[in-house]
Structures are given as structure tokens and as C-alpha cells.
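Have a look at the structure below, then the notes.
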Amino acid sequence: MKKTPLIAAITCGILLFACCGFFAYQCFSLSSRCQNLETEALKLKEDNSKLQEDNSELDTELADSSAQLKEKENYAAGQKEYISELSEQIDSLTNGEADDTENTDGSSENDNEANSSSEDDSDADSSSSSDSYPNLYAEGCSPEDTQKVVYLTFDDGPSNLTPQVLDLLDRYNAKATFFVVCKNNEEYEEYLSDIVERGHTLALHSYSHNYHEIYASKDAFLRDYEKVYDWVVENTGYTPSLFRFPGGSNNGSSYVVNDIIDEMEERGFQYFDWNVSSGDGSELTTTSNIIDNICSNVGNVENPVVLMHDGRGKNATLAALPSVLEYLSDHGYEFRSLDKNVETVHYR
Ligand SMILES: [Zn+2]
């Protein structure tokens, strides 16, 4: 009978131990679960911030794209307007508003021509309608005296592009001036004679076109100049009297350039800078930039001397030339070559 409480006590002890063990196990498993959840939460937090970053990047890209889209839309709207202006012009021409357009050499293709087509017509009228009193003009006011003139100049040639430039000039009966650089290439040497034979002015630019070398001193410049001078005379028999400083007379080598100018003028040579730049000296300049730079600035100066290049790689200039010639001839300009009697354009 005494055994019963003992057994009961042992049983209770075992049960208590089992319970404690069970709770301890539960506690342990809960804490490890908590730890796992915390790790997952951290991971989710990281993912979330990464997603937010991606999201803001996408937002920026989206904003950029919409800005570009807007620019393109504006450009398209401009083009649409331009086309409708052209259509209006064509309509007015076909409706007989300009019966005498035969003298104006056809339609216009460039941007600013719409504004000045009436000018062209009046120019054509004054020259083509028979003037019963051709000599009755005050001095300096005859149509011949008031002829608008442009001087196109090409530096750094001759090159493989020169023959195409010459053909385009011929097409518009345009004369120009070529400031040449010496090239050891027989084919290019033939172009020197082509320039002279086709009525353009062959002028000198440099033998080496190396600023460091030619602007080291007056003698260094003259040595270089003599070489390109001899090269041209040997190949053409023509003796040039005009030259252009590489980089223009305002090239930074002030004292040397002043001395050179004095010396060269004493020797009878005349230099020309320019007052309209095509901007084709930079590789980044596009064909339409060149057209715009020339066509929108020629009218701003009295005696436009336009700087262009026909050296190797100046394909954008070659591509721009037909539009430039078309625009300027439509606007009444005559293309003449420079000579010693033309008023000089000097930076100093
Ligand atoms: Zn040059």
C-alpha cells in the first residue's frame, strides 16, 4: 500500500519532465523560426530598396524619352508647316501669279527662300525686262554696280573632292578661290591646273600647315611659303599672289604674324581672312549645319568671303555645296573669285 504514492510521485515526475522537455523544444523551434523570419524580412527589405532604385532609373529614362519625343514632335510640326508653306507657294505659282518665273530658274528648296522669292522676282524683272534707258543711272547705281557678290573660298585642298567641287561650281557658272596646301600626290597636282583653267583663283595656304612650325618665326613662315609657292609654279606655271594664314591671321601668334604681314605685303602678296564661316572645320558639323551657317549669314555682311574646305574627308561640305549654290544664286548672288582688287577681309 505504501508503494502507490511512490509510483504516483515517479509518474508525476516523469510527466513533468516530459512537459518541460516539450516546452523547451517548442521554445527553441519558435526562436529559430523567428530568426529565419527576420533574415527573410531583411532580404525583402533589400530587394525592395533595389526595386525602388530601378524604378527611379526607369522614371528618369521615361522622362528623357518623353522629352525626346516632344522634340521630335516639334520638329515634325515645323516640317509640316514648312511643307504647307511650300505647297502654298507652288499653288500661287501654278495659279499664274508669277508668269515671268522662267527667268528665276525654277523652284526653291531651301528654308529661307520663301521669304525672299519676291526679291528674286524683282531682281529678275530689273535685269530681264528690257530697260529702255540702260545708261541712265547715277554713278554706282546701275544694275551691274548693285550686283550682289559672294566669294566662296576653299582651304586645305586639293584632294579627291576637288574635281567634284569644280564640277558643281561649273554647273552654277560660279567662280571661287582655292587656298591650297602642298600634297605629294601627282593626281592632286593635276587639279591645280584644273583650278586655273576653269577660271578660279589659285591661292596659297601652306606647305606643311603645321602651326607650330610655320609660326615659329617670320623666316620659318617664309621658308614654308616659298615651298608651296614653288610647288604651284612648277605644276601650273601660274604665280599666285593671294594667300591665307592657316588658322586665319588671328591665330594667336600675334607678333610673328604682324611681321609676316609686313614682309609679305612688301613682296606684293595679299592675304584674305573670311567673314562667313561654314563651320566645316569641325568634324561634328553636319551638312545641314554648313548650309545654314552660310545661307543665314551671307546676307549679314557686305562683302561675303565664305570659308569652306575641300581637303580630304570634307564630304559634308561637298554635300552642302549644291544647296548653298542653289540658295545663293536664287537670291541674286554672283559667285566671283578673289583677286588683288577685291576689298580685303582682315582680322588685324
Ligand atoms: Zn587650313
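Where a number appears in this text, it was derived from the coordinates with a stated rule and is not lab data. In this text the structure is predicted, and so the values were computed from the model without any measurement. Using ideal geometry, Cβ is built from the backbone for each residue, glycine included, and neighbour counts are taken over all protein chains shown.
Tabulated data
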item	result
26 Å Cα-Cα threshold exceeded, pairs from Lys183/Lys218; Lys227/Lys340; Lys148/Lys227; Lys314/Lys340	Lys148/Lys227; Lys314/Lys340
Equivalent-ellipsoid semi-axes of region 149-335, from the Cα gyration tensor, Å, largest first	26, 19, 15
Protection proxy ranking of 204-216, 259-271 - average other beta-carbon atoms within 10 Å, highest first	204-216, 259-271
Proxy reagent accessibility, fewest Cβ within 10 Å first, across Ser277, Ser253	Ser277, Ser253
